[in-house]
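To start, the structure under review is shown below, and the notes come after it.
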Amino acid sequence: METVANPINGGLLMPAEWAPQRALWIGFPHLAEEWPGVFTRAQEQIAAFANTVAETGQEVRLLVRGEANETRARALVSTKVTLERRIYGDIWLRDTGPLIVREGIEGGDRLAAQVFAFNGWGDKYRMPGDETIGADLAWAEGLPVTTSAMVFEGGAVDGDGTGLAIATEECLLNPNRNPGLSRAAIEAELTRMLGFERVVWLGCGLMNDHTDGHVDNLARFVAQGTVALPEAIDDDDPNAAIYADAADRLCAAGLTLARIPSPGRIERDGRVEPASYVNFAIANACVIVPTFGSPHDDAGVAAIADLFPGREVVGLPADAVLAGGGGFHCASQQLPVL
């Protein structure tokens with residue numbers, strides 16, 4: 001369905017991810033020290049993601065850092081993938097890249113880039129380039145840039161293209177981001193910058209999420225007013241209570257739930273990992289779902305396929321990407337069509 005202009009904010013609104021995309025930016029791993037023991041496989045898994053989207057005919061721009069990194073990427077991706085050399089820190093462009101909105105101006109609509117302050121996910125992971133890559137990508141597209149002093153990451157919110165958004169209190173109200181801002185002030189800035197008229201607040205994100213509970217790892221809009229949310233299948237699922245609380249809050253807000261299986265308990269070196277099938281990336285003709293070697297992988301991919309009947313839904317291994325702190329959605333950012 002089409003994005004609905006927000007009259008409260010002069011028609012400015014961030015389109016839903018399923019709206020038509022001109023291109024998809026993806027970050028390629030280049031810092032081996034950030035991926036101990038999984039660096040090569042993480043590069044391979046990101047390359048597989050880029051290749052799968054590019055095979056559908058969509059433009060994919062894989063960001064690389066330096067000559068050696070570009071050479072490695074070129075060995076893994078097809079010629080259908082465009083390599084774009086940029087200065088960036090880690091690969092998580094969902095959080096550091098520009099958030100593109102459609103805004104009404106005199107004489108018609110235009111795309112514009114919204115860039116927030118960034119502090120390395122609460123001063124945990126500071127890397128040169130992460131604070132500038134958002135504006136750099138926007139300027140390269142010739143997009144006007146609006147900046148905000150509020151610390152914010154794109155994966156912390158998900159919208160359905162109508163002015164409705166979901167977010168977690170754990171992340172957006174965390175004192176390591178904006179200790180001087182109230183809930184109301186944060187909501188007001190999300191309205192000003194992204195056009196969200198209403199935010200439905202969930203509680204905590206997944207256990208051990210490096211991002212302090214980004215909502216794109218917990219719950220995602222799959223249609224206007226409809227949210228995909230994992231459901232614990234196994235008795236030892238570490239996030240069972242978190243899913244239950246999110247379900248209660250979403251239902252209380254009047255949203256429709258589409259329950260999908262949880263991957264269950266995924267561990268690495270004895271530590272529970274924040275594995276989630278809802279960290280899928282939506283492209284024009286396909287949806288790429290991360291898989292983790294869980295017995296629930298096939299069921300998770302099939303459940304998401306039921307939610308996107310007009311797109312090919314593909315499950316790709318993402319355990320190495322997860323070990324670095326995120327998933328396919330985290331590593332990508334779309335450039336919408338005007």
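The values are calculated or read from the model by the stated rules, or taken from the named source; none is laboratory data. Here the structure is a predicted model, which means the values were calculated and not measured. Please note: Cβ atoms are built from the backbone with ideal geometry, for glycine as well, and neighbour counts cover all protein chains shown. When the accessible area is computed, the model is the full protein with side chains, heavy atoms only, and any ligands, DNA or RNA have been set aside. Shrake-Rupley method; radii C 1.70, N 1.55, O 1.52, S 1.80 Å.
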Worksheet item: If G310 passes every condition in (1) open to solvent by 10 Å² or more (accessible area, probe 1.4 Å); (2) not in a loop (DSSP other than H, G, I, E, B) but one, which one does it miss?
Response: (2)
Response to the item:
Residues in the range 53-75 that are open to solvent by 50 Å² or more (accessible area, probe 1.4 Å), without any contact (Cβ under 8 Å) to a residue 40 or more places away in the chain and not basic (K, R) total 7
Worksheet item: Which one of these does Y277 not meet: (1) open to solvent by less than 20 Å² (accessible area, probe 1.4 Å); (2) modelled with pLDDT under 95?
Response: (2)
Worksheet item: Do you know which residues across the range 23-42 are touching a strand residue (DSSP E or B) at 6+ places or on another chain (Cβ under 8 Å) and within 14 Å of A331 (Cβ to Cβ)?
Response: L24, W25, I26, G27, F28, H30
Worksheet, complete the sentence: Considering residues that are under 18 Å from V215 (Cβ atoms) and open to solvent by 60 Å² or more (accessible area, probe 1.4 Å), the number found within the range 232-244 is 1
Practice prompt. Could you grab me the full set of residues in the range 38-60 that are under 20 Å from the mean Cα position of the chain (by Cα), of a type in the set (V, I, T) and in a helix (DSSP H, G or I)?
Written response: I46, T52, V53
Discussion item. Against the definition (farther than 21 Å from V313 by Cα and not hydroxyl-bearing (S, T, Y)), how does R259 come out, yes or no?
Written reply: no
Discussion item. Any residue at all in the range 247-263 that's out of contact with any strand residue (DSSP E or B) (no Cβ under 7 Å at 6 or more places or on another chain), crowded, with 21+ Cβ neighbours inside 10 Å and within 17 Å of G327 (Cα to Cα)?
Written reply: yes
Discussion item. Considering only the range 194-206, I want to know if a residue exists there that is under 19 Å from G327 (Cα atoms) and in contact (Cβ under 8 Å) with a residue 60 or more places away in the chain.
Written reply: yes
